[in-house]
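The values are calculated or read from the model by the stated rules, or taken from the named source; none is laboratory data. As the structure is a prediction and not an experimental result, all values here were calculated from the model. Here Cβ is always computed from backbone atoms with ideal geometry, including for glycine, and neighbour counts include all displayed protein chains.
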Amino acid sequence: MRASHGCAALAIALAALAAPRAWGELLANGGFEDPVTTDGPPFVGSWEAFTSGGGALAGNSTAMPRSGANNLSLSIDSVENAFAGVFQDVPNLTPGAPDTFSGFHMTPSTPLDLGVEMRIEWRNSTTNAEVSRTPNLTTPPTGQYGPFSLSSTVPAGADTARVVYAVQTFGPEPTNTGTVYVDDVSFVPEPSAGLIVLGGLGLASLRRRRSL
């Protein structure tokens, strides 16, 4: 009986640890191989680009892909109080569930004279209203692709995550100029703490059984 309990717990542990891969990537076009759009809602299944207008650009590029043939390119050229970015909605989420928005970014600009911001805007699909949002992650890119990662938990009243990557010149930048490339972006649910603890107990039980 103890052996069967240990095997069951081990199976739960392995399932918990493998959960993000098993549940799959929830974003579409995370590598920006397909064109970003500017055609309005719905915002599920594709990236929607947005800009403040002249001098700010958001679109696909073949300049510096981390993988595949394309990457996202965001740029502002000598415009103060400008912005450019993309967002995508991830629906059918469960309040209380932890998730991670991550990816890779870099800049060919030296110096990069603009700010970057990554965030999750939690929304209610029934009311089409924002419930809350995470503080902006402002980890600056370097001259080579490096990772960024933002973890959060779906708040009460929300069932949709709007993931956003943007650049802006609202700060004290003297030239308000720069380009950022983004690639291999993902939004992945994380295993619950309860499953991880239960899995750990199962692994410990199996080790004890093997030592008898």
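Residue by residue through the range 1-28, note down the ones that are in contact with a Gly (Cβ under 8 Å, 6 or more places away or on another chain) and either within 20 Å of Gln88 (Cα to Cα) or at pLDDT 80 or above (or both). Listed by number, the list holds a single entry, Ala28. Just so you know, in the range 154-170 the residues that are of a type outside the set (S, T, N, Q) and either modelled with pLDDT under 95 or outside any loop (DSSP other than H, G, I, E, B) (or both) include one that is farthest from Gly53 (Cα to Cα), and it is Ala161. Among the residues of the range 54-79, those identified as surrounded by fewer than 21 Cβ atoms within 10 Å (Cβ to Cβ) and within 22 Å of Arg119 (Cα to Cα) are Leu57, Gly59, Asn60, Arg66.
Of all the listed residues (Asn60, Asn81), the sole one being under 21 Å from Gln168 (Cβ atoms) and either in contact (Cβ under 8 Å) with a residue 40 or more places away in the chain or in contact with a Gly (Cβ under 9 Å, 6 or more places away or on another chain) (or both) is Asn81. Gly146 meets the conditions (1) more than 27 Å from Leu93 (Cβ to Cβ); (2) over 17 Å from the mean Cα position of the chain (by Cα) in every case but one. The failed one is (2). Looking only at residues of the range 80-97 that are touching a Phe, Trp or Tyr at 6+ places or on another chain (Cβ under 7 Å) and over 28 Å from Pro108 (Cα atoms), we find that the one that is surrounded by the fewest Cβ atoms within 10 Å (Cβ to Cβ) is Asp89.
For the structure I just gave you, tell me whether Arg133 is modelled with pLDDT of 95 or more, of a type in the set (Lys, Arg) and closer than 23 Å to Asp34 by Cβ. When the stated conditions are applied, Arg133 does not pass them.
Name the one entry in Val163, Val131, Val167, Val154 that is under 13 Å from the mean Cα position of the chain (by Cα) and among the aliphatic types (A, V, I, L, M). The conditions single out Val163. Residues satisfying the criterion are absent from the range 171-180 (criterion: in a helix (DSSP H, G or I) and either in contact with an Asp or Glu (Cβ under 7 Å, 6 or more places away or on another chain) or at pLDDT below 95 (or both)). Residues that are assigned to a strand (DSSP E or B), touching a residue at least 40 places away in the same chain (Cβ under 8 Å), more than 21 Å from Phe50 (Cα to Cα) and of a type outside the set (D, E, K, R) do not occur anywhere in the range 115-130.
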